[in-house]
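S.K.: Below is one structure. I have some questions about it.
The values are calculated or read from the model by the stated rules, or taken from the named source; none is laboratory data. As the structure is a prediction and not an experimental result, all values here were calculated from the model. We place every Cβ from the backbone using ideal geometry, glycine too, and count neighbours over all the protein chains shown. Surface accessibility is based on the protein's heavy atoms, side chains included, excluding ligands, DNA and RNA. Shrake-Rupley method; radii C 1.70, N 1.55, O 1.52, S 1.80 Å.
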Amino acid sequence: AGDRSDMICFYCQDERGHVEVQFVDFRVTFSELSEILQRLYRKVGAVGFSYELPGRGVETVASAAELERCKEAVEDQYCREGDQALIVQVAEVSQLTQIGGGERE
């Protein structure tokens with residue numbers, strides 16, 4: 001046990017440049033994280049985020065499956081060294097679906 005951190009750190013920024021640093025348990029669900037971000041940024045609709053990792057382009061997180069892929073990418077990126085941290089751009093899910101190419105219905 002203990003081959004990875006139990007926490008993940010999100011450095012969050014919204015379209016107005018408001019920055020929040022949020023440490024959450026790695027097992028956090030999308031709905032829990034969305035609710036936290038919704039409160040922090042006083043958003044009305046469901047909240048997700050976009051992020052970029054070297055060589056991967058911009059990814060959006062607007063569902064539970066996308067959050068799981070994001071966590072896996074963060075784990076792979078850090079290879080058990082250093083902090084598991086990610087810089088994210090917070091936005092309402094309706095805006096993210098436009099960024100992400102509109103795959104979601």
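S.K.: May I ask you to list the residues in the range 60-77 that are out of contact with any helix residue (DSSP H, G or I) (no Cβ under 8 Å at 6 or more places or on another chain), acidic (Asp, Glu) and within 18 Å of Leu37 (Cβ to Cβ)?
M.R.: Hit for the range 60-77 is Glu68, nothing else.
S.K.: For the range 62-84, how many residues are at pLDDT 80 or above, outside any helix (DSSP H, G or I) and either open to solvent by 30 Å² or more (accessible area, probe 1.4 Å) or at positive phi (or both)?
M.R.: Residues meeting the conditions: 1.
S.K.: Looking only at the range 85-104, which residues are modelled with pLDDT under 90 and part of a strand (DSSP E or B)?
M.R.: Across the range 85-104, the qualifying residue is only Ala85.
S.K.: With the condition kept exactly as written, say whether any residue in the range 32-42 is modelled with pLDDT of 95 or more and outside any helix (DSSP H, G or I).
M.R.: no
S.K.: Okay, moving on. Quick one: what pairs do we get from the range 46-61, first residue modelled with pLDDT of 85 or more and part of a loop (DSSP other than H, G, I, E, B), second charged (D, E, K, R) and open to solvent by less than 60 Å² (accessible area, probe 1.4 Å), C-beta under 8 Å, 6+ apart or different chains?
M.R.: Ala46/Glu92
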